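What follows is one structure encoded as structure tokens, with my remarks underneath.
The values are calculated or read from the model by the stated rules, or taken from the named source; none is laboratory data. None of these values were measured; they are calculated from a predicted model. All Cβ positions, glycine included, derive from the backbone under ideal geometry; neighbour counts span all protein chains shown.
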Amino acid sequence: MADNETPTNTALGCTGLTTDTPSRMQLDAGVFFENLSYSSATNAATFKTALDAAITARTGSLGNLLGATRGGGTFVATPTTREPEIDGKRHRVKGLIRFDTWDVRLTGTMVEAYPGNFKRALGPADVATSDSVDTLTLRTQAANSDYLDHVQWVSLLGDGTYMVVEIDNAINLDGVTFTFQDKNEGTIPFNFGAAQGSLAGGENAPFRIKYFHPAT
């Protein structure tokens, strides 16, 4: 083709951007909960009702709001894979790859340093309350009660869909690094790892992702 010749096939439209893109994009940092109650939700509207009630209550049977965060968060689901070594096999072969385990985590940084968040971050710890004093003490072994039944991250998509990432039997794997400095706020990073609750049901990793769409 000559330098001054116009190509018959231009690059117009060679992009993933479509009219659906704005409605499918995840928005903002979202919010973290422990044991958010939303079992009766069937769409975005009913989920929003449950979410608003839990945020208003902040703690209790509707769920425990972890509070404000900084820097957003991260959901990670990392597999450990293997593939049998077989004579004559030169490349990966469809059907032979095995997913042995999944390392599932929700991470972020809390900026609310109240006793409940410290307890969640410490993991194997106890909180004793006497009059107006809360005292946290650490143990060397985690009890079943130290695992959080569910930790959820909730956010919105552009079309009003609520996206929920929920991990089971969560416990902070990194302990506490409480950072405080002049003219700034104290922060508590967390790294909640999911765990299987029992030996049954091991075919599924201990997490789920749910989408509550606007009613049609």
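I'd like to know if the range 172-190 contains one or more residues that are surrounded by 12 or more Cβ atoms within 10 Å (Cβ to Cβ), modelled with pLDDT of 95 or more and within 22 Å of Asp100 (Cβ to Cβ). No; the residues of the range 172-190 include none that is surrounded by 12 or more Cβ atoms within 10 Å (Cβ to Cβ), modelled with pLDDT of 95 or more and within 22 Å of Asp100 (Cβ to Cβ). For the range 43-69, a residue qualifies if it is in contact (Cβ under 8 Å) with a residue 12 or more places away in the chain, closer than 23 Å to Val111 by Cα and either part of a helix (DSSP H, G or I) or among the hydrophobic types (A, V, I, L, M, F, W, C) (or both), and the qualifying residues are Leu51, Ala54, Ile55, Leu62, Leu65, Leu66, Ala68.
Taking the criterion of being assigned to a loop (DSSP other than H, G, I, E, B) and without any contact (Cβ under 8 Å) to a residue 60 or more places away in the chain, the residues of the range 90-111 that qualify are Arg90, His91, Arg92, Val93, Lys94, Gly95, Leu96, Ile97.
For beta carbons closer than 6 Å, sequence separation of 6+ or different chains, a first residue in the range 130-158 that is over 27 Å from Ala29 (Cβ atoms) and a second that is loosely packed, with under 13 Cβ neighbours inside 10 Å, the qualifying pairs are Thr135/Ala128.
The residue of the range 112-137 that is surrounded by the fewest Cβ atoms within 10 Å (Cβ to Cβ), among those that are of a type in the set (Gly, Ala, Ser) and not in a strand (DSSP E or B), is Ser132. Applying the condition of being small (Gly, Ala, Ser) and within 20 Å of Ser37 (Cα to Cα) to the range 154-171 and asking which residue is surrounded by the fewest Cβ atoms within 10 Å (Cβ to Cβ) yields Gly160. Every condition in (1) out of contact with any Pro (no Cβ under 9 Å at 6 or more places or on another chain); (2) surrounded by 14 or more Cβ atoms within 10 Å (Cβ to Cβ) is met by Asn43 except one, and the failing one is (1).
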